[in-house]
There are 2 protein chains.
Amino acid sequence: MKDFNRNELLEEITKSVILELQKHNLIQSNERKSHVPVSISARHIHLSQEHIDILFGQGHQLTKFKDISQPGQFACNEKVTLQGPKGTIENVRVLAPIRPKTQVEVARTDARKLGVNPPVRESGNVAGSAPITLIGPEGVVELQEGCIIADRHIHMTPEDARSFGVVDKQKVSVLVEGEKAGVMGKVTIRVRPNYALDMHIDTDDANAFGLNGTEQLKLILE
Amino acid sequence: MKDFNRNELLEEITKSVILELQKHNLIQSNERKSHVPVSISARHIHLSQEHIDILFGQGHQLTKFKDISQPGQFACNEKVTLQGPKGTIENVRVLAPIRPKTQVEVARTDARKLGVNPPVRESGNVAGSAPITLIGPEGVVELQEGCIIADRHIHMTPEDARSFGVVDKQKVSVLVEGEKAGVMGKVTIRVRPNYALDMHIDTDDANAFGLNGTEQLKLILE
């Protein structure tokens with residue numbers, strides 16, 4: 001009877017400890033372990049039709065350079081020059097489709113060169129972000145806001161989200177191995193039926209973690 | 001008696017679980033929690049006297065621009081241009097004192113611009129590292145090896161090491177909070193009696209983790 005109670009107690013404690021550890025994400029449950037492919041986003045720009053008209057001429061239509069990982073989106077042949085108080089960066093590629101609001105995505109390294117101080121934001125959230133000047137072949141746009149450092153994020157479908165055990169807008173961490181190993185925190189989950197599973201990081205994150213965009217990285221819950 | 005055994009067992013299991021968790025660094029012991037100041041190392045170069053002679057003229061003595069965090073080391077007024085297959089970077093500062101072997105420390109972002117592929121190395125370990133060309137006011141040095149990406153590292157005294165519970169050459173991790181939160185892994189502990197407590201990271205790590213060099217970061221054991 002004593003042995004029985006001892007084993008019962010041991011089992012109870014073990015389960016309780018494991019559950020508590022999972023709750024605080026000190027360990028992961030096996031079902032949730034999985035990996036995501038990573039892509040590196042160089043600085044780029046999303047344009048409104050109004051700004052395309054100014055930069056490239058009235059009624060200009062963006063032309064495809066090549067498809068990118070998300071269905072329906074593509075890199076364009078069109079490029080602009082970014083100008084800030086401290087410097088310029090040429091040949092910054094435009095991504096399609098057009099957006100309601102123009103958005104410039106740079107890494108912190110780019111921002112220092114330009115002399116701008118963009119906040120880390122989710123794509124689309126440009127209110128109060130940094131001002132910057134865009135120079136195209138046909139004109140100049142002085143944005144009062146629109147320059148951001150994109151947050152680390154992972155695109156996925158609702159099916160992916162279920163298999164990872166995550167939900168839209170959740171923040172997760174991602175484990176990196178190798179000589180510049182570490183953990184990328186505050187990675188935003190973005191769920192839409194037409195998304196392809198892909199993690200997007202900027203060039204600073206890629207360079208700091210020694211990634212070249214061919215890796216599969218392990219998602220860990222925060 | 002049963003209750004006594006139960007409590008004893010509970011205590012025993014609890015201690016055993018805590019010890020095991022500490023061993024695998026799933027939790028930290030209170031005694032080991034502590035923080036280190038961080039400094040950001042921009043690209044720089046350490047020169048041998050032979051190379052100083054070529055770059056700045058025979059018998060040239062390095063002149064102090066300002067002291068840096070480690071006692072006896074200083075940034076010099078002297079600067080060189082780095083040249084790689086794909087580009088050049090001007091005004092790269094020389095650090096004193098002189099070294100037996102010339103060593104160029106760049107971030108991955110710099111390496112991409114130069115078109116070189118340096119390994120991540122501890123300072124002083126340049127065997128088989130990347131070739132690069134140095135251009136000074138008086139001459140040019142074509143290094144066959146010597147260009148590295150410095151590993152993340154923490155300088156400390158033996159007293160610091162004891163209070164952190166670490167030893168020389170140990171690899172630790174460092175926690176970063178904020179909008180670009182995460183964990184920097186494979187951080188090398190460097191212990192010498194004359195070291196000042198300071199963590200050194202390069203500009204890529206600083207930019208990826210949103211650090212400006214004024215932070216105190218939490219050391220966590222790997």
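The values are calculated or read from the model by the stated rules, or taken from the named source; none is laboratory data. Remember, it's a predicted structure, so these values are computed and weren't measured experimentally. With ideal geometry, Cβ positions are generated from the backbone for all residues, glycine too; neighbour counts draw on all protein chains shown. For the accessible areas, the whole protein counts, side chains as well, though only heavy atoms, and no ligand, DNA or RNA atoms are used. Shrake-Rupley method; radii C 1.70, N 1.55, O 1.52, S 1.80 Å.
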Exercise. For B:Arg152, enumerate residues with amide H under 5 Å from its amide H, sequence gap 5+ or separate chain, H modeled in the peptide plane.
Key: B:Thr188
Exercise. Compute the whole-percent fraction of alpha carbon pairs in the range A:97-172 spaced more than 18 Å apart.
Key: 51 percent
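Per residue of B:183-190, how many C-beta atoms from partner chains lie within 10 Å of its own C-beta, taken as a mean?
Values: counts 8, 6, 10, 7, 2, 0, 0, 0.
Across the residues of B:183-190, the mean count of other-chain Cβ atoms within 10 Å is 4.
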Practice problem: With a 10 Å radius around each residue's Cβ, average the other Cβ atoms per peptide and rank A:192-204, B:131-143, highest first. | Solution: A:192-204, B:131-143
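At 4 °C and 1.567 mPa s, grab the translational diffusion coefficient of the protein assembly as shown from Stokes-Einstein with a Kirkwood Rh over Cα pairs, rounded to a whole number in µm² per second.
The calculation lands on 52 µm²/s.
Mind checking the per residue accessible area of the range A:42-150 for me, 1.4 Å probe, whole number of Å²? Walk me through the numbers on the way to the answer.
Details: 5170 Å² over 109 residues.
I get 47 Å² per residue for the range A:42-150.
What FRET efficiency comes out for A:Gln61 versus A:Lys101 if R0 is 22 angstrom and r is the Cβ-Cβ distance? Round to the nearest 0.05. It would help to have the intermediate numbers written out before the result.
Details: r = 19 Å, r/R0 = 0.87.
So, using R0 = 22 Å, E works out to roughly 0.70.
I'd like the interface area for chains A and B: accessible area of each alone minus the complex, both sides summed, 1.4 Å probe, protein heavy atoms only. What is it in Å² to the nearest 100? Walk me through the numbers on the way to the answer.
On the way: alone 12420 and 12390 Å², together 22070 Å².
Buried surface at the A/B interface: approximately 2700 Å².
What's the lysine pair count for the range A:42-150 at a Cα cut-off below 21 Å, pairs eight or more apart or interchain? Don't skip to the end; give the middle numbers.
Numbers: A:Lys64/A:Lys79; A:Lys64/A:Lys101; A:Lys66/A:Lys79; A:Lys79/A:Lys101; A:Lys79/A:Lys113; A:Lys86/A:Lys113.
Lysine pairs, 8 or more places apart or on different chains, close enough: 6.
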Exercise. In nm to one decimal, list the spacings between the B:Gln58 label point and its equivalents in the other copies, with label points set 7 Å along Cα to Cβ, shortest first.
Key: 7.2
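Give me the inter-chain shielding for A:172-182: mean count of other chain Cβ atoms within 10 Å, whole number please.
On the way: counts 0, 3, 1, 2, 3, 2, 3, 7, 12, 9, 13.
The per-residue average across the peptide is 5.
Once every DSSP H run of n ≥ 4 in the protein assembly as shown is given -39500 (n - 2.57) and the sum is divided by its residues, what mean residue ellipticity at 222 nm do you get, rounded to the nearest 500 deg cm²/dmol?
Mean residue ellipticity at 222 nm (helix-derived): -6500 deg cm²/dmol.
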Exercise. Sort shortest first the distances from B:Lys15 to its counterpart in every other copy, using label points 7 Å along the Cα-to-beta-carbon line, and give them in nm.
Key: 2.7
Self-check item: Cα-based equivalent ellipsoid of chain A: semi-axis lengths in Å, sorted from largest, via gyration tensor
Solution: 44, 17, 14
Practice problem: Return, ordered by residue number, the residues of the range A:179-208 whose backbone nitrogen is under 15 Å from a label point located 7 Å along Cα→Cβ of B:Lys86. | Solution: A:203-204, A:206-208
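Across the residues of B:200-207, average count of Cβ atoms on other protein chains within 10 Å?
On the way: counts 0, 1, 3, 6, 12, 6, 5, 13.
Shielding by partners across B:200-207 averages 6.
If you wrap the range A:150-222's Cα atoms in a convex hull and average its projection over all directions, what's the area in nm²? Walk me through the numbers before you get to the answer.
Numbers: hull surface 18.2 nm².
Mean shadow area of the hull around the Cα atoms is 4.6 nm².
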Practice problem: Could you list which residues have their amide H under 5 Å from that of B:Lys180, counting only those 5 or more apart in sequence or on another chain, with H placed in the peptide plane? | Solution: none
Quiz item: A:Leu217's amide H: which non-local residues (gap 5+, or another chain) put their own amide H closer than 5 Å, with H modeled 1.01 Å from N in plane and none for Pro or chain starts?
Solution: A:Val36, A:Val38
Exercise. Can you list the distances in nanometres, one decimal and ascending, from the A:Arg192 label point to the identical position in each other copy, with the point 7 Å along Cα to Cβ?
Key: 5.4
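Please state the charge dipole magnitude for the protein assembly as shown, taken about the Cα centre, from unit charges on C-beta atoms (+1 on K and R, -1 on D and E), reported in debye and rounded to the nearest 20. The partial results should precede the final answer.
Working: 54 positive and 58 negative charges, 10 e Å.
So the magnitude is around 40 debye.
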Quiz item: If you place +1 on the Cβ of every Lys and Arg and -1 on the Cβ of every Asp and Glu, how big does the dipole about the Cα centre of the range A:42-150 come out, in debye to the nearest 20?
Solution: 380 debye
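Take the solvent-accessible surface of the protein heavy atoms, probe 1.4 Å, and return the percent of it on the protein assembly as shown that carbon and sulfur atoms account for. Don't jump to the answer; show the numbers that get you there.
Working: 11120 of 22070 Å².
With neighbouring chains kept in place, the figure for the protein assembly as shown is 50 percent.
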Quiz item: How many nm separate the modelled label positions at B:Asn5 and A:Leu9, each set 7 Å beyond the Cα in the direction of the Cβ?
Solution: 0.8 nm
